[in-house]
Amino acid sequence: MAPISYDREVTSSIPPAKLFKAFVIDSDTLVPKVLPQAIKSVETLQGDGGAGTIKLITFIEGSKHKWMKQKVDAVDKENFTYSYSIIEGDALDGFESISYHVKFVPSPDGGSIYKNRSIYCPKSDNKITEEEIKSGREKASFIFKAVEAYLVANPDC
């Protein structure tokens, strides 16, 4: 089956540099802190946050998924872009790979436009349902909104 791509844009009142810092630079500590009901831990296994870095994400007991490894494909701190792929774990069930390309763009009001392209590459024998993709997109949206709300409530973060 051919890869399936989805593009998504979300506006935020948070400036791009702050969102980039939260999602890319501080994600190992911030995401489990903001989402303790879902994420148990984020641990860097290899690298310094740049391309080639590998992270292990573990989910709380009772979650649909137990763990996954992500590999950072590219980071551009000046242009607030970040690309990563899920390379291992039960979140890949039925997929060869899932990759994400993220960009935080300044908006005219001083906030940001979060642009995300998700690319799902199913295994040859897997037929992806719209519900599976929708579920993944809803989880990503939930994570984004939770981190955004945390940054609004903690402006000095």
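Listed values, structure above:
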| read-out | value |
| --- | --- |
| Mean shadow area of the stretch 112-157 over all directions, Cα convex hull, nm² | 4.2 nm² |
| Of 36, 15, 106, the one that fluctuates the most in a GNM where the chain has Cα springs shorter than 10 Å | 36 |
| Point-charge dipole on Cβ atoms (K/R +1, D/E -1) for the stretch 1-126, about Cα centre, debye to 20 | 200 debye |
| Student exercise, the stretch 55-157 dipole from Lys, Arg, Asp, Glu Cβ charges, in Debye to nearest 20 | 80 debye |
| Among (1) 0.95; (2) 1.07; (3) 0.93, the entry that matches Rg/Rh (Cα atoms, Kirkwood Rh) as calculated here | (1) |
| Cubic angstrom per residue, convex hull over Cα atoms of the stretch 43-82 | 75 Å³ |
| Helix 130-153 vs. the chain, principal-axis angle (Cα, 0 to 90°, nearest 10) | 20 degrees |
| Segment residue 145-residue 61, extension gain: residue separation times 0.36 nm, minus the distance between their alpha carbons | 28.0 nm |
| Top positive-direction residue, dipole computed over the chain with Cβ charges, set 87, 146, 101 | 146 |
| Whole-percent carbon and sulfur share, accessible surface of the stretch 1-127, 1.4 Å | 52 percent |
| Amide H partners (placed H, <5 Å) of residue 88, local residues excluded | 69 |
| Label-point gap, in nm, between residue 38 and residue 6 - each point 7 angstrom along Cα→Cβ | 1.3 nm |
| Helix-only [θ]222 nm of the chain, DSSP H runs n ≥ 4, -39500 (n - 2.57) each, per residue, nearest 500 | -7500 deg cm²/dmol |
| ³J(HN,Hα), Karplus 6.51/-1.76/1.60, whole Hz, each residue of the stretch 105-119, x for Gly, Pro | 10, x, 9, x, 8, x, x, 9, 10, 8, 10, 9, 10, 10, 10 |
| Eligible lysines near residue 127 by straight Cα distance, threshold 22 Å, same-chain separation 8 or greater | 64, 139 |
| The chain: relative contact order as a whole-number percent, Cα under 8 Å and 6+ apart | 26 percent |
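The values are calculated or read from the model by the stated rules, or taken from the named source; none is laboratory data. Computed from a prediction, not measured in an experiment: that's the story for all the values here. For neighbour counting, all protein chains shown are included, and Cβ atoms are generated from backbone atoms with ideal geometry for every residue, glycine included. For the accessible areas, the whole protein counts, side chains as well, though only heavy atoms, and no ligand, DNA or RNA atoms are used. Shrake-Rupley method; radii C 1.70, N 1.55, O 1.52, S 1.80 Å.
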